[in-house]
Every structure is written in structure tokens, then in C-alpha cells.
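The following block contains the structure, expressed as C-alpha cells.
Values in this text are rule-based calculations from the coordinates and carry no lab data. The shown structure was predicted, so the numbers you read here are calculated from the model rather than taken from an experiment. Here Cβ is always computed from backbone atoms with ideal geometry, including for glycine, and neighbour counts include all displayed protein chains.
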């Protein structure tokens, strides 16, 4: 009975979360704490942390959370090794808000194109900081099917370059962007 339950749970685990970080231990911890609910619900199958030579405790945080931690990698290899059939790329410090698990579960079951979260209405930059500003490609995350990600990725590519090439739909679930966590430091 337990084996059938575990097999059903494993089949539901369809999302791999990927984060790039460098000396962002507190932000990484904040994002990982929100992802726990997705893992408990069977949506998040694994989390991959790609590090650029952090000198803080990022590796310890990733290890304690059960993440795969890489200090050297190729994006194509990372995508191929993902356990989930969908990938969610987010910045350390970004936090999906209430309802994200149900919406992402439904979206990946019914769609085959990339998507992004909606910016949190509760956390907006001041007006003059928003005017003429180009939003970083991963500020609202990127949800993408693994097959599409494999075909779009090129060796040596950073996640921001990868995300720029996508034309995602917008989810109604909100995401508190990573700059909020950085500003609170």
C-alpha cells in the first residue's frame, strides 16, 4: 500500500526548481523555505542550486534543504539531469505567494508553453524606479517544459540569457521578487 502511495506521489512530482546564486545565503534560505510546501504537496521533485563561487553558507543551506549544489556546471547538463518534466527558474530571494502550488500544478497539466508569475502588488518599486526600467529576465521566474528548455539551452549559457529568449504567458499567482529580500539585508 505504501509503495503504491509513494509511486503515485513520485509521478506527481513534476517540477525541478533551478536557482543561480553567489553569496546569497539569506535569500536562498527564504526561497527554499517557500518551496517546502511544493515538495510536501508532491509538485517539487528536486531543487538545483548553481553557485558562482560563494564564500558564505550557500552550500550549507542548499545541503541542509536537500538540494543538488553545483559550483561547476553546463546548463544543458543541468536541464537534462532534472527529475521534473517542467523547470522553474527563480532568483534566490524570490518567493511565490499563496495559491502558487495549485496554479502551477494545473498549468503544467494543461499547457506546453512557458509562463511567469505576476509581480506582487504588495511589493512594488517606487514609481521613478519603475519608469524606463527593464525588468531582469528572471525577476518573475520562468516556468518551462523540460523538452523546450533542452532545445533552447546552449552550453555556457547563464540562466538570464536563457530566460531572455522565452516568450512566456503570465500566471495569476504573485511572486515577491528577490530585490525585496536583498533590500531587507
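Any chance you could run the full-extension gain for residue 147 through residue 40? It's 0.36 nm times the residue separation minus the Cα-Cα distance, nm to one decimal. Intermediate values should be presented prior to the final figure.
Values: separation 107, 0.36 × 107 = 38.52 nm, distance 2.51 nm.
Difference between extended and current length: 36.0 nm.
Mean residue ellipticity at 222 nm from the helices of the chain, using -39,500 (n - 2.57) per DSSP H segment of n ≥ 4 over the full residue count, to the nearest 500 deg cm²/dmol? Kindly include the intermediate steps, with their values, before the conclusion.
Numbers: 9 runs with 75 residues, N = 185.
Taking each H run of at least 4 residues, the total per residue is -11000 deg cm²/dmol.
Label 7 Å along Cα→Cβ of residue 64; the stretch 11-45 residues with amide nitrogen under 13 Å?
Within reach of a label on residue 64, which here means backbone N under 13 Å from a point 7 Å along Cα→Cβ, the stretch 11-45 contributes 25-33.
Between the stretch 126-185 and the stretch 49-110, how far is it from one alpha carbon centroid to the other, in angstrom?
13 Å
Cα-Cα pairs above 26 Å in the stretch 13-183: how many percent?
Values: 3158 of 14535 pairs.
For the stretch 13-183, the fraction of Cα-Cα distances above 26 Å is 22 percent.
Right, here's the next one. Report the FRET efficiency, 1/(1 + (r/R0)^6), for residue 102 and residue 167, where r is their Cβ-Cβ distance and R0 is 30 Å, rounded to 0.05. Intermediate values should be presented prior to the final figure.
Working: r = 24 Å, r/R0 = 0.81.
So, using R0 = 30 Å, E works out to roughly 0.80.
At a Förster radius of 35 Å, what calculated FRET efficiency corresponds to the Cβ-Cβ distance of residue 110 and residue 131, to the nearest 0.05?
On the way: r = 36 Å, r/R0 = 1.03.
Taking R0 as 35 Å, the efficiency between residue 110 and residue 131 is 0.45.
If contacts are Cα pairs under 8 angstrom and at least 6 residues apart, what is the relative contact order of the stretch 13-183 in percent? Intermediate results must be reported in sequence, preceding the final value.
Details: 330 pairs, mean separation 50.2, N = 171.
RCO, the stretch 13-183: 29 percent.
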